[in-house]
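J.: This is the structure I want to talk about, given as structure tokens.
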Amino acid sequence: MQVNSERFLQDLHDLRQFGASGVGKGVVRPAFSPADIAAREWLAERMRAAGLEPRFDAVGNLFGLAEGRSLLMGSHSDSQPEGGWLDGALGVVMALEVARASQEAGGPAVSVANFQDEEGRLGVTTGSAIWAGHLPLDRADALTDSAGVSFAQARAGMAHLAGERIDPARFTGFVECHIEQGPWLHEAGEAIGVVTDIVGIRDMTVTMEGEQNHAGTTPMHRRRDAFQALSAFNTALNDRLRNIVTPQSVWTIGHVSLHPGAHSIVPGRVTFSMQWRDGDSTRLKRMEDVIRQTAAEIAAEHGMTLSFSGMLGLEPVAMDPALRAALSAAATELVPGRWRDMQSGALHDATNVAALMPAAMMFVPSIGGISHAFTEDTAEDDLVAGLNVMARALPALANVR
Ligand code: GLV
Ligand code: MN
Ligand code: MN
């Protein structure tokens, strides 16, 4: 089978025109935005041109179906609010090229998946979580983004494309190529990472409410300042988590909203996101306990009321050994000494799909380890090396069932 690297790179560059940020190669293509929907419609046409049958389900997941039972490959084409051109897009376009080349060569059959809202505008890997049955549709429909738009409202924007759920029994396994999004491959000058397991995640929103007041007349000792409470919480949390985590554990306050947000007002309320990730479910729970306990103590000290939203989460998941072995063998042949086994600290649709069928992942390097930023990039030689390793692995991948 002969993959065509020029056709593959051209598709990748064409896809980044949808929602192009105008800064580097970055994209702004959040799930269900006009740019996201247009990109999905364009990809559906590319699938059709490749001899696949494009089908959308009710939540905007797009499949390009080969005839009969097939291997499924893919990822997602939605982006973070400020995203790179390869996060997700690489896996979809690589799947398209492998499926197309394999059609031209007379097999093995490969179908393509492009999951919706992997980046969690409304949930956490929302489209594949629904497809895998982790997240019932009525619960998903009630999820909201940071502007209060619900999943039900958002997916109504794709109602004209919506179809039936695609039966997972059509597929023998799932393989996702992705950029690493971390520094390790790039720093070591390596070409390929074969993923051993994907970490788990917990995500929630915390609100602390004190007293809004005048910034000039309110003595410091009488303030119930929401920002001061958040600041103290963050310092205490970093101290306490340090005692129970490993170098792989991470936690992030990525979104903060201070109310009302004015120079001359002591802020009365803060709402912030609290997310943590680890490869071990027990440690995730221990981190949760520390987070809740620390928030309660700091809130009491600062005279704040405290509330937590519901918590979203995904468990850590191991990748399928037989699919991994197929990827490792191809990497050993094509990039000997320049690949490694590694854990994924980023989330991926493969976490959800692993509940339905054998699933595996392969990484290519990210320049400087940068992702979830407009500056995200990968050398084109590395993109093509990834395509070649995937194509070399295909016969063995398609044999796993
Ligand atoms: C998905 O992009 C993640 O946040 O890991
Ligand atoms: Mn991604
Ligand atoms: Mn991402």
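J.: Using 0.36 nm times the number of residues separating Asp341 and Glu164, minus their current alpha carbon distance, what extension gain do you get?
T.: Result: 60.0 nm gained on full extension.
J.: Could I get the Rg over Rh figure for the stretch 233-361? Both from C-alpha atoms, Rh via Kirkwood, rounded to two places.
T.: Result: Rg/Rh = 1.12.
J.: So what does Arg283 come to for accessible area, using a 1.4 Å probe and Å² rounded to 10?
T.: Result for Arg283: roughly 40 Å² accessible.
J.: Could I ask something else about it? Give me, ordered by chain and number, the residues 5 or more places off Thr196 or on other chains with an amide H under 5 Å from its own placed amide H.
T.: Met342, Gln343, Ser344
J.: Also: Taking amide H atoms as placed 1.01 Å from N in the peptide plane, list the residues 5 or more away in sequence, or in a different chain, whose amide H sits under 5 Å from that of Gly173.
T.: Residues meeting the criterion, in which the H sits 1.01 Å from N, are Leu72.
J.: Right, here's the next one. Of Thr218, Ile179, Val199, which is farthest on the positive side of the dipole of the chain, counting Cα position, with +1 on Lys and Arg Cβ, -1 on Asp and Glu Cβ, and the Cα centre as origin?
T.: Comparing the listed Cα positions along the dipole, Thr218 ranks first.
J.: If you don't mind, there's one more thing I want to ask. Any idea what the dipole of the chain comes to, in debye rounded to 20, about its Cα centre with Lys/Arg Cβ at +1 and Asp/Glu Cβ at -1?
T.: It works out to roughly 580 debye.
J.: So which residue, out of Asn388, Asn234, Asn352, gets the largest mean-square fluctuation from a GNM of the chain using Cα contacts under 10 Å as springs?
T.: Its mean-square fluctuation being the largest, the pick is Asn234.
J.: Quick one: 3J(HN,Hα) in Hz for the stretch 161-177, Karplus 6.51/-1.76/1.60 with θ = phi - 60°, rounded, Gly and Pro as x.
T.: Result, rounded to whole Hz: 9, 5, x, 6, 4, 7, 6, x, 5, 5, 10, 8, x, 10, 10, 10, 8.
J.: Once the Cα gyration tensor of the stretch 94-251 is diagonalised, what are the square roots of 5 times its eigenvalues, in whole Å and ordered largest first, as equivalent ellipsoid semi-axes?
T.: Semi-axis lengths for the stretch 94-251 are 43, 25, 13 Å.
J.: Quick check: at a probe of 1.4 Å, how many percent of the accessible area of the chain sits on carbon and sulfur atoms?
T.: Carbon and sulfur together cover 50 percent of it.
J.: Let a ≥ b ≥ c be the square roots of the eigenvalues of the Cα gyration tensor of the stretch 308-353; is it rounded (a/c under 1.5), or, if not, prolate (a/b larger than b/c) or oblate?
T.: Prolate.
J.: Please list 3J(HN,Hα) in residue order for the stretch 339-356, calculated via the Karplus relation 6.51 cos²θ - 1.76 cosθ + 1.60 where θ = phi - 60°; whole Hz, with x for glycine and proline.
T.: The phi angles translate into 9, 8, 7, 7, 7, 9, x, 8, 7, 8, 4, 4, 4, 6, 5, 4, 6, 9 Hz.
J.: Between Asp289 and Asn238, with labels modelled 7 Å along Cα→Cβ, what's the label distance in nm to one decimal, could you check?
T.: The two pseudo-label positions are separated by 2.5 nm.
J.: Which residues in the stretch 262-281 have a backbone N closer than 17 Å to a point placed 7 Å from the Cα of Thr218 along the Cα-to-Cβ line?
T.: Flagged as within label range: 262-271.
J.: Just need the relative contact order of the chain here, percent rounded to a whole number, with Cα pairs under 8 Å and 6+ apart.
T.: Reported relative contact order: 23 percent.
J.: Let me ask another. Have a look at the DSSP beta bridges in the chain and tell me what percent are antiparallel, nearest 5.
T.: In the chain, approximately 65 percent of DSSP beta bridges are antiparallel ones.
J.: If amide hydrogens are placed 1.01 Å from N in the peptide plane, which non-local residues have theirs closer than 5 Å to the one on Gly182?
T.: It is Ser366, by chain and number.
J.: Specify the angular offset, from 0 to 90 degrees and rounded to the nearest 10, of the alpha carbon long axis of helix 226-241 from the longest principal axis of the alpha carbons in the chain.
T.: The helix 226-241 is inclined about 60 degrees to the chain.
J.: Would you kindly derive the ³J(HN,Hα) couplings of the stretch 15-23 from the backbone phi angles with the Karplus curve 6.51 cos²θ - 1.76 cosθ + 1.60 (θ = phi - 60°), listing them in order in whole Hz, with x for Gly and Pro?
T.: Per residue, the Karplus-derived 3J(HN,Hα) values read 5, 6, 6, 6, x, 3, 7, x, 10 Hz.
J.: Treating the angle as unsigned and between 0 and 90°, give the value, to the nearest 10°, between the Cα long axis of helix 321-334 and the longest Cα principal axis of the chain.
T.: Taking the Cα atoms of the chain, the angle to 321-334 is about 70 degrees.
J.: I would also like to ask the following. What number comes out for accessible area per residue over the chain if the probe is 1.4 Å? Units Å², please.
T.: Here the residues of the chain average 40 Å² of exposed surface.
J.: Moving to a separate point now. If the chain between Glu315 and Ala329 were fully stretched, how many nm would it gain, using 0.36 nm times the residue separation less the Cα-Cα distance?
T.: 2.2 nm
J.: Here's another thing I want to ask about it. How do Thr218, Thr282 stack up against each other in accessible area, from largest to smallest, with a 1.4 angstrom probe?
T.: Thr282, Thr218
J.: If you don't mind, another one. What is the helix-to-structure angle for 89-105, meaning the angle in degrees between its Cα long axis and the longest Cα principal axis of the chain, kept from 0 to 90 and rounded to the nearest 10?
T.: Once rounded, the angle reads 10 degrees.
J.: For the stretch 347-401, what is the per residue volume of the convex hull drawn over the alpha-carbon atoms, in cubic angstrom?
T.: Convex hull of Cα atoms, per residue: 81 Å³.
J.: A further question follows. With the crude spin-label approximation of a point 7 Å out along Cα→Cβ, what separation in nm comes out for Arg401 versus Ala188?
T.: The modelled label-to-label distance comes out at 3.5 nm.
J.: Something else about it: Per residue of the chain, what 222 nm ellipticity follows from adding -39500 (n - 2.57) for every DSSP H run with n ≥ 4, rounded to the nearest 500?
T.: My calculation for the chain gives -11000 deg cm²/dmol from helical runs alone.
J.: A further question on this structure: Within 10 Å, count the other beta carbons around each residue, average over each peptide in 15-28, 337-350, and list them highest first.
T.: By packing density, highest mean first, the sequence is 337-350, 15-28.
J.: Roughly how large, in nm² to one decimal, is the mean projection of the convex hull of the alpha-carbon atoms in the chain?
T.: Answer in nm², one decimal: 19.8.
The values are calculated or read from the model by the stated rules, or taken from the named source; none is laboratory data. This is a predicted model, so every value here is computed, not measured. Every residue, glycine among them, receives a Cβ derived from its backbone with ideal geometry; neighbour counts consider all protein chains shown. Heavy atoms of the whole protein, side chains included, go into the accessibility calculation; ligands, DNA and RNA do not. Shrake-Rupley method; radii C 1.70, N 1.55, O 1.52, S 1.80 Å.
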